[in-house]
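Peer 1: My structure is below; once you've seen it, I'll send some questions.
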Protein chains: 2
Amino acid sequence: MVEIYNMAGHLVRRLNQISVAIFADRMAAEGVELTPVQFAALSAIDARPGIAQAALAGAIAYDQTTLGGVIDRLEQKGFVAREVSPTDRRARVLTVTRSGQDLLARVRPVVRDLQGDILSGLDEDEKAQLLALLKKTTDAGNGKSRAPLAPRDKR
Amino acid sequence: MVEIYNMAGHLVRRLNQISVAIFADRMAAEGVELTPVQFAALSAIDARPGIAQAALAGAIAYDQTTLGGVIDRLEQKGFVAREVSPTDRRARVLTVTRSGQDLLARVRPVVRDLQGDILSGLDEDEKAQLLALLKKTTDAGNGKSRAPLAPRDKR
DNA sequence: TGCTAATAATCAGCATGCTTATTATATCGA
DNA sequence: TCGATATAATAAGCATGCTGATTATTAGCA
């Protein structure tokens with residue numbers, strides 16, 4: 001056991017991989033073209049109609065550039081509308097279209113249901129424990145992505 | 001709380017994101033150009049000199065195509081040598097170069113050390129618990145990525 | 001007010017990660 | 001041994017995810 005298999009980083013990568021694969025399978029079974037990332041964005045916009053891209057990126061911890069691309073695709077599929085903000089011409093304001101709402105209604109129970117499958121091999125207590133620990137540590141590690149531990153040193 | 005924030009998928013994505021960011025920070029601080037994925041591959045090759053790409057992909061749960069690209073970059077940086085297998089001309093056999101070994105020696109303690117930081121906000125008991133649960137569920141969910149739950153239906 | 005600094009979005013560029021398809025080579029069974 | 005099948009690697013194509021740069025716009029301050 002001189003290796004990576006017990007490392008948090010590796011295990012988390014693996015579990016994320018499993019999670020994404022399960023999501024893809026379920027959506028395919030449902031005949032729906034939607035990635036986990038797209039679902040999260042759509043769901044979050046639905047909860048905050050009129051939110052701007054930057055704020056949304058913060059809310060669901062996506063990189064702003066990445067989110068731009070995600071919204072592109074959601075817009076192209078007709079699930080999201082993107083408009084210039086009336087109060088800030090730099091910002092783009094997002095809303096879920098009717099078609100997006102229909103999709104959400106259809107897909108939400110499937111997504112809720114599949115969460116349990118991601119944590120396969122665990123009993124209910126263990127799942128709850130794991131979830132609680134994940135929540136605790138992600139909350140603590142909050143600004144880790146776009147706010148580097150070390151200050152931007154270049155210049 | 002009508003949302004994604006308590007979902008396993010979202011939390012795991014976040015934690016992976018945090019993990020990758022911490023790794024990148026530490027490597028940058030070390031003046032080393034190495035991603036988590038590249039480190040895992042290099043470390044695994046070092047543990048199994050002469051392993052072929054397909055077998056390595058299986059060992060560390062990487063997609064075979066993805067691994068091809070990872071090895072490309074490790075080879076280009078001079079950390080890994082790739083040769084046609086003497087027993088199977090389809091296969092490419094991998095070994096860590098001297099330079100790769102030096103890098104591993106230098107970076108391994110840093111990687112080991114950073115694992116604890118990924119699980120910030122947890123005490124030692126909680127970290128051990130989370131690690132054990134992650135291990136248990138990833139072991140159970142093993143074939144989830146390249147072995148779909150539903151059979152390939154197209155055609 | 002006018003200039004500077006910050007912010008929102010986007011672009012280019014690179015690394016994962018996966019799918020489908022293609023090529024080269026092995027393997028297995030008739 | 002030949003032929004169908006399987007396997008190893010790679011290519012093309014798309015979706016995340018991040019960095020650094022650029023443009024447009026806003027905010028803050030002298």
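The values are calculated or read from the model by the stated rules, or taken from the named source; none is laboratory data. Model, not experiment: these values are computed from the prediction. With ideal geometry, Cβ positions are generated from the backbone for all residues, glycine too; neighbour counts draw on all protein chains shown. Remember, those area values only see protein heavy atoms, side chains included, never the ligands or the DNA or RNA. Shrake-Rupley method; radii C 1.70, N 1.55, O 1.52, S 1.80 Å.
Peer 1: Restricting attention to region A:90-99, which residues are open to solvent by 50 Å² or more (accessible area, probe 1.4 Å) and either near DNA strand C (Cβ under 9 Å from one of its atoms) or at pLDDT below 95 (or both)?
Peer 2: Matches in region A:90-99: A:ARG90, A:ARG92.
Peer 1: Looking for whichever is away from DNA strand D (no atom under 12 Å from the Cβ), open to solvent by less than 80 Å² (accessible area, probe 1.4 Å), away from chain A (no Cβ under 14 Å) and of a type outside the set (Val, Ile, Thr) here; the options are B:ALA128, B:ALA132, B:ALA105, B:ALA81. Which one fits? Walk me through how you get there before you give the answer.
Peer 2: Numbers: B:ALA128 fails: away from chain A (no Cβ under 14 Å); B:ALA132 fails: away from chain A (no Cβ under 14 Å); B:ALA105 fails: away from chain A (no Cβ under 14 Å).
Result of the check over B:ALA128, B:ALA132, B:ALA105, B:ALA81: B:ALA81.
Peer 1: Which of the following residues is part of a helix (DSSP H, G or I) and touching a Gly at 6+ places or on another chain (Cβ under 7 Å): A:LEU67, A:LEU42?
Peer 2: On the way: A:LEU67 fails: touching a Gly at 6+ places or on another chain (Cβ under 7 Å).
Going through A:LEU67, A:LEU42 in turn, just one is part of a helix (DSSP H, G or I) and touching a Gly at 6+ places or on another chain (Cβ under 7 Å): A:LEU42.
Peer 1: Mind counting the residues in region B:47-58 that are part of a helix (DSSP H, G or I) and crowded, with 18+ Cβ neighbours inside 10 Å? Spell out how you get there, then give the answer.
Peer 2: Start the filter on region B:47-58 by keeping residues that are part of a helix (DSSP H, G or I), which leaves B:47, B:53-58.
Remaining after also requiring crowded, with 18+ Cβ neighbours inside 10 Å: B:53, B:56-57.
Residues that pass the stated criteria total 3.
Peer 1: If you take the residues in region A:84-102 that are in contact (Cβ under 8 Å) with a residue 12 or more places away in the chain and in a helix (DSSP H, G or I), which one is farthest from DNA strand D (Cβ to nearest atom)? Don't jump to the end; show me each part of the working.
Peer 2: Within region A:84-102, the subset in contact (Cβ under 8 Å) with a residue 12 or more places away in the chain is A:85, A:88, A:91-97, A:99-101.
Keeping just the survivors that are in a helix (DSSP H, G or I) gives A:99-101.
Numbers: A:SER99: 17, A:GLY100: 15, A:GLN101: 19 Å.
The residue in question is A:GLN101.
Peer 1: Which residue is surrounded by the fewest Cβ atoms within 10 Å (Cβ to Cβ), if the candidates are limited to region A:1-26 and must be more than 14 Å from A:ASP117 (Cα to Cα) and of a type in the set (A, V, I, L, M)? Reasoning before the result, please.
Peer 2: The initial filter retains those residues of region A:1-26 that are more than 14 Å from A:ASP117 (Cα to Cα), namely A:1-14.
Pick out the ones that are also of a type in the set (A, V, I, L, M) and you get A:1-2, A:4, A:7-8, A:11-12.
Working: A:MET1: 5, A:VAL2: 8, A:ILE4: 21, A:MET7: 21, A:ALA8: 21, A:LEU11: 27, A:VAL12: 27.
Filtering region A:1-26 for residues that are more than 14 Å from A:ASP117 (Cα to Cα) and of a type in the set (A, V, I, L, M), the one surrounded by the fewest Cβ atoms within 10 Å (Cβ to Cβ) comes out as A:MET1.
Peer 1: Would region A:5-25 turn up any residue that is over 30 Å from B:VAL37 (Cβ atoms) and of a type outside the set (Phe, Trp, Tyr)? Show your work before the answer.
Peer 2: The first filter runs over region A:5-25 and keeps only residues over 30 Å from B:VAL37 (Cβ atoms), leaving none.
No: region A:5-25 contains no residue that is over 30 Å from B:VAL37 (Cβ atoms) and of a type outside the set (Phe, Trp, Tyr).
Peer 1: Of the conditions (1) away from DNA strand D (no atom under 14 Å from the Cβ); (2) out of contact with any strand residue (DSSP E or B) (no Cβ under 8 Å at 6 or more places or on another chain); (3) among the β-branched types (Val, Ile, Thr), B:ILE118 satisfies every one except a single condition; which number is it?
Peer 2: Of everything listed in (1) away from DNA strand D (no atom under 14 Å from the Cβ); (2) out of contact with any strand residue (DSSP E or B) (no Cβ under 8 Å at 6 or more places or on another chain); (3) among the β-branched types (Val, Ile, Thr), B:ILE118 misses just condition (1).
Peer 1: To continue, here is another question. Within region A:15-25, can one find any residue that is farther than 22 Å from B:VAL12 by Cβ and not basic (Lys, Arg)? Spell out the reasoning first.
Peer 2: Step one: filter region A:15-25 for residues farther than 22 Å from B:VAL12 by Cβ, giving none.
Scanning region A:15-25 turns up no residue that is farther than 22 Å from B:VAL12 by Cβ and not basic (Lys, Arg).
Peer 1: Hey, another quick one. The conditions are (1) more than 13 Å from every other protein chain (Cβ to nearest Cβ); (2) exposed (fewer than 14 other Cβ atoms within 10 Å of the Cβ); (3) touching a residue at least 12 places away in the same chain (Cβ under 8 Å), and B:ASP63 fails exactly one of them. Which is it?
Peer 2: (1)
Peer 1: So, of the residues in region A:27-45 that are open to solvent by 50 Å² or more (accessible area, probe 1.4 Å) and more than 8 Å from chain B (Cβ to nearest Cβ), which turns out to be farthest from DNA strand C (Cβ to nearest atom)? Don't jump to the end; show me each part of the working.
Peer 2: The first filter runs over region A:27-45 and keeps only residues open to solvent by 50 Å² or more (accessible area, probe 1.4 Å), leaving A:28-31, A:33, A:35.
Still in the list and also more than 8 Å from chain B (Cβ to nearest Cβ): A:30-31, A:33, A:35.
On the way: A:GLU30: 16, A:GLY31: 14, A:GLU33: 12, A:THR35: 10 Å.
Applying the filter and picking the extreme gives A:GLU30.
Peer 1: Output the residues belonging to region B:66-75 that are open to solvent by 10 Å² or more (accessible area, probe 1.4 Å) and within 9 Å of DNA strand C (Cβ to nearest atom).
Peer 2: Taking region B:66-75 and keeping what is open to solvent by 10 Å² or more (accessible area, probe 1.4 Å), we get B:66, B:68-69, B:72-73, B:75.
B:THR66, B:GLY68, B:GLY69, B:ASP72, B:ARG73 - these are the residues of region B:66-75 that are open to solvent by 10 Å² or more (accessible area, probe 1.4 Å) and within 9 Å of DNA strand C (Cβ to nearest atom).
Peer 1: Restricting the first residue to region A:43-55 and requiring it to be farther than 18 Å from B:GLY9 by Cβ, which pairs with a second residue that is charged (D, E, K, R) and more than 16 Å from DNA strand D (Cβ to nearest atom) meet a Cβ separation below 9 Å and a spacing of at least six or different chains?
Peer 2: Sorted first by the residue in region A:43-55, then by its partner, the pairs are A:ALA55/A:ARG48.
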